[in-house]
Every structure is written in C-alpha cells, then in structure tokens.
Amino acid sequence: MTDRVKLSVFYPYPPEKVWQALTDCRALNIWMMNNDFEPRLGHKFKFESNSLPGITTIIHCEVVELNEPKRLVYTWQDEVKSEPSLVIWILTPVEGGTQLQLRHQPTGYATTVVSGKSFNFGRIGTRADLLFYEQPVPNFNKQMPDLSWPQLATKDELNSLVSYRDSKEEWDYRLNYKLPQALQHDC
C-alpha cells in the first residue's frame, strides 16, 4: 500500500486532549478548516477552504471508523476532483504524550465496499458490517503544472492545484504548526 501522505508527530499531551483537537468542530475550525464535524459513525460533514484566492473548496467527508481516543477514519472528497480518498488518524500513548500518525490515502485509490466477504488486497477500515478495501488505480501521481498567472487554468490544472493543496506540505504545516498552537490554547 502506498500512502499519498504519511506523517507522524509527537505531542506532549495525553491522547484524550489530542483526540479532542481532532474531533471537536470548534478546535478543527482553529487548526484545520471551517467544518460541521461530529464524532459520530456515519456522520456526513464538510470542510470548507478558501486557501486559493477567489476559490472556495468544499470537501465532503463521512466518518467511517471511530475508536475513541485511538483511531479516526473519514472519507475525503472535494468538489473539484471526483476521486475519493481516506484520512486516517492513529493516536498512540507514549511516555510524556501522544504519537499521532496521519495517513491520507491517494486520491488514485478506489474504495470498494464489500459486505460479508474477505479479499486479500488490503483492509482499510470498517463501518458496521461493511469492509473497505483499497484497489490501486494506475497513473494517479501527476506533476503539478507550471502555471503562469493570469493565465486561465484548465480543469486538469485546477485539479493538480487542489491535489497540491492537500499534499504532504499542507498536512505537515497543519500538524507541526497549527495543531500545536491549538493544543497550547486548550482548544
């Protein structure tokens, strides 16, 4: 399995406090994006981002796994790209705090929902009696185009920009700068 993003960060706080920052919509507003998240299995919610000037991106999500305070998984699908992905948070208590791992499955992975069957191509997570599996889709890694503004972007170029926004650098910034600030201020 190849993750588009895989990060691990230590926080000097107990797992319950880090969990709160991941699951409280007010805390998520501070360090992530505006949202209507609720920590409830099956809850459909949205993140709203204005990270590109003049463009509002809505990211549609659904909580598919919830194991407080250890693991949270939700789907991730923005309005520009039609390919879904998964965001997986894993919290591990360690001496002096919590090790938080983030995995964001590539948008080039299709999710197949299978009820009551077992397959050998990698279990992602569970929701009720449904199993989620990953299947690689070829050629999902594309280079970000060289855009010269004020040139108009094609749909493919805009998709690449959105993909870049959700890249490792964006997650790294949120986990290493924004989330620690939220944790320090009792989010």
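The values are calculated or read from the model by the stated rules, or taken from the named source; none is laboratory data. Because the structure is predicted, anything quoted here is derived from the model rather than measured. Glycine gets a Cβ as well: all are built from the backbone with ideal geometry, and neighbour counts include every protein chain shown. Accessible surface is based on the protein model in full, side chains and every heavy atom, while ligands, DNA and RNA are left aside. Shrake-Rupley method; radii C 1.70, N 1.55, O 1.52, S 1.80 Å.
Some points to look at:
- Across the range 25-75, the qualifying residues are those that are of a type in the set (G, A, S) and modelled with pLDDT of 95 or more, and the one among them that is farthest from L100 (Cα to Cα) is G42.
- Residues of the range 1-54 satisfying the condition of being under 16 Å from I90 (Cα atoms), of a type in the set (D, E, K, R) and part of a strand (DSSP E or B): K6
- The number of residues in the range 44-66 that are of a type outside the set (A, V, I, L, M, F, W, C), more than 15 Å from the chain's Cα centre (by Cα) and surrounded by 13 or more Cβ atoms within 10 Å (Cβ to Cβ) comes to 1.
- Residue within the range 94-101 that is part of a strand (DSSP E or B), modelled with pLDDT of 95 or more, open to solvent by less than 20 Å² (accessible area, probe 1.4 Å) and among the hydroxyl-bearing types (S, T, Y) present: yes
- Taking the range 15-43 as the range and being of a type outside the set (A, V, I, L, M), touching a residue at least 40 places away in the same chain (Cβ under 8 Å) and surrounded by 15 or more Cβ atoms within 10 Å (Cβ to Cβ) as the test, the residues that pass are P15, K17, W19, Q20, T23, D24, W31.
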